[in-house]
Structures are given as C-alpha cells and as structure tokens.
C-alpha cells in the first residue's frame, strides 16, 4: 500500500496581511459595573500582544483612546444605563474604525464591553457606504444572543441589546432604544438578521425566539467546532466582508463579565481562530475584530492572566501564528 502524504495546513505558508490597527477601547459603560474597561491593559501590557503580532509578520499601529470623559454614571428607572457615555464612545470608535478601513487596514478593537460593537459596525458601514451595508456579515461568538430590549430587560444594560438594536425593523417605542437603532443614521435595520451568525450560545434567549442562524454549545458538542465554524462562514458567503465579535464570555474563563460552565475550550477557540485565518483573512474577507467583556479583576486567584493569554493567542492565530513563528511558545 503506497504511503499516504500528509498535507499540512496552508497556514504554514507565508501570507502578506494588511496592516493592523490595534485600537485600545477601555470603556465598560454598557455593562453593570464597568469592569470591562480593564481588559485592554491586561492584553497590551501583561501579554505584550504587540510583540507577538509583530513576530508573525504583522505591521502594527497602536491607537490609544483619547480622554472622552468625565462621564457621570446614569442609572434611572426604565432607562438604558449610561446611554450618553455609550453614544460618545461609539461615535469616537466609529470614526476611528472608518479611518482604519479607509487605509485598507484591519482594525482590531480591544474592549471594553459589548456595546462597543455598535461603534465598530457603524464605522465599517460608514466606509462601505450605507447602500452597501448588506455586504457586511458578522460572526458573533458569545454565550448569549444579545437580543434583549427595553421590553424584556432586567438590567437595562446596552451590551445585552446590541443584536436587537442592529436588526430590529419594527416600530420601536422606547426613546433610548430608538437612539441605538438610529445610530449614525445607518437605516433600520442596520443589518438584516441573515447577515449575523452566533456561535457558543448557552443561555436562554431574552426574546421569545431567535429568527437568525445560531449554534448552541449543544450543537458544538454534537457536530464539533470545526464543522460549526465552517457552517457559519458558509452562511455568510453572500457577504463581501465579515466582522468578528468575540465576546470572551463564550469561553470557559473566569476573567469575563458573565461566566458560564461548559463554554468553549482553548483548543476549540484556536480551531476557530485558525479557520478565520484561512477562510476569511487569507481570502481578504476579514473586515475587523472586536474582543469584548474581558474583566481581569474577576479572574480566579489561581488563574491570573489566563483570559488575557487566551485573547492574545486567539488574535495572533487569526493573523497566522503557528508553532514555528510564535514569539511565546517554548
């Protein structure tokens, strides 16, 4: 019997990537306690992500957030928390992302909480043009669907409403929610539901039902993460560009805003990252990346730095890191 040749992944081949704009966005106004503001520092300083990306041949520009405050914490009955701060931060982020994409770079946003994704998506569409916004797709990795709204919310946190704000096409009644829906005058809905795919869902839906493609952790158990990720990518074949929102709540980590048992493992996360490298970045379909909901101070005492390390490895693998070119491997 002839010996079968082993075909190693094309990830070991050289690929000239667009430059990366690493955008530090230490804002957590969309969550309950603002702890997600701590995340960027842990990844940038403790894990030295700039050095690790440069080791794999990425030309990197660090963009630090300006002073946008001071903001007063807003907590009123039946009002979205901190809406003024959220709108100010997202306006800055939208402008920053638009400029990055205009230069043909890939913006990677280190958040911050999940409400920042409204600014990133707005910036992408600002550059694409509103008439071309349906060319954008989103792979959203999270343990919940972000499909809360003023009608069903208990927390009044904007980070839980982002999917609804981006896709709602009905007659909204709540003044604060209407402001989110109409952010940057992108038209409603901002994106059609078929342009968004969720992976890693392990929490009950906030609304009665979900009407878009999503994959639960049970789906991952049954079919494997590689098949699930490939299905998500194929579902967005009609999109020219794909934005990745990676909510670190999706992984079995303690340094996150909403911990869940039974979430994605390190190996499953890297499998997805490497597929995004092959099927999106190397095919010039990767638009941008958000990493959100990293809360280092919530990390278990014996797992300090673990979440930041996972985030660094995920981002570096999306940009071509492997065992031969990595700066951090033994």
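The values are calculated or read from the model by the stated rules, or taken from the named source; none is laboratory data. Please read these numbers as outputs of a predicted model, since none were measured by experiment. Note: ideal-geometry Cβ built from the backbone for every residue, glycine included; neighbour counts use all protein chains shown.
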Given the conditions (1) farther than 20 Å from residue 57 by Cβ; (2) over 18 Å from the mean Cα position of the chain (by Cα); (3) buried (at least 23 other Cβ atoms within 10 Å of the Cβ), and given that residue 293 satisfies all but one, which numbered condition is not satisfied?
(2)
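I need the strands (runs of 3 or more DSSP E) fully contained in region 19-126, keeping only those with at least 1 residues that are touching a residue at least 60 places away in the same chain (Cβ under 8 Å) and within 19 Å of the chain's Cα centre (by Cα).
On the way: elements: 20-25, 60-63, 106-111.
Answer list for region 19-126: 20-25, 106-111.
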Identify all residues within region 296-308 that are surrounded by fewer than 22 Cβ atoms within 10 Å (Cβ to Cβ) and touching a strand residue (DSSP E or B) at 6+ places or on another chain (Cβ under 8 Å); write none if there are none.
298
Go through region 167-189 and report how many residues are surrounded by 15 or more Cβ atoms within 10 Å (Cβ to Cβ), over 17 Å from the mean Cα position of the chain (by Cα) and either in contact (Cβ under 8 Å) with a residue 24 or more places away in the chain or in a strand (DSSP E or B) (or both).
8
Selection count where residues are surrounded by 15 or more Cβ atoms within 10 Å (Cβ to Cβ) and under 10 Å from residue 312 (Cβ atoms), scope region 31-47
4
Six or more apart or on different chains, Cβ atoms under 7 Å: show the pairs whose first residue is in region 315-330 and under 24 Å from residue 111 (Cα atoms) and whose second is modelled with pLDDT under 85 and not in a loop (DSSP other than H, G, I, E, B).
320/11
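Would you confirm, using the coordinates I've provided, whether residue 5 is more than 18 Å from the chain's Cα centre (by Cα), in a loop (DSSP other than H, G, I, E, B) and touching a residue at least 24 places away in the same chain (Cβ under 8 Å)? Walk me through it before giving the result.
Details: more than 18 Å from the chain's Cα centre (by Cα): yes; in a loop (DSSP other than H, G, I, E, B): yes; touching a residue at least 24 places away in the same chain (Cβ under 8 Å): no.
Considered against the rule, which asks whether it is more than 18 Å from the chain's Cα centre (by Cα), in a loop (DSSP other than H, G, I, E, B) and touching a residue at least 24 places away in the same chain (Cβ under 8 Å), residue 5 comes out as no.
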Could you go through region 235-243 and let me know if any residue there is surrounded by 15 or more Cβ atoms within 10 Å (Cβ to Cβ) and assigned to a helix (DSSP H, G or I).
yes
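In region 190-234, which residue that is assigned to a strand (DSSP E or B) and in contact (Cβ under 8 Å) with a residue 60 or more places away in the chain is surrounded by the fewest Cβ atoms within 10 Å (Cβ to Cβ)?
From region 190-234, those assigned to a strand (DSSP E or B) are 196-201, 213-216; that's our starting set.
Next cut, in contact (Cβ under 8 Å) with a residue 60 or more places away in the chain only: 197, 199-200, 214.
On the way: 197: 24, 199: 26, 200: 29, 214: 20.
Per the stated criteria, the residue is 214.
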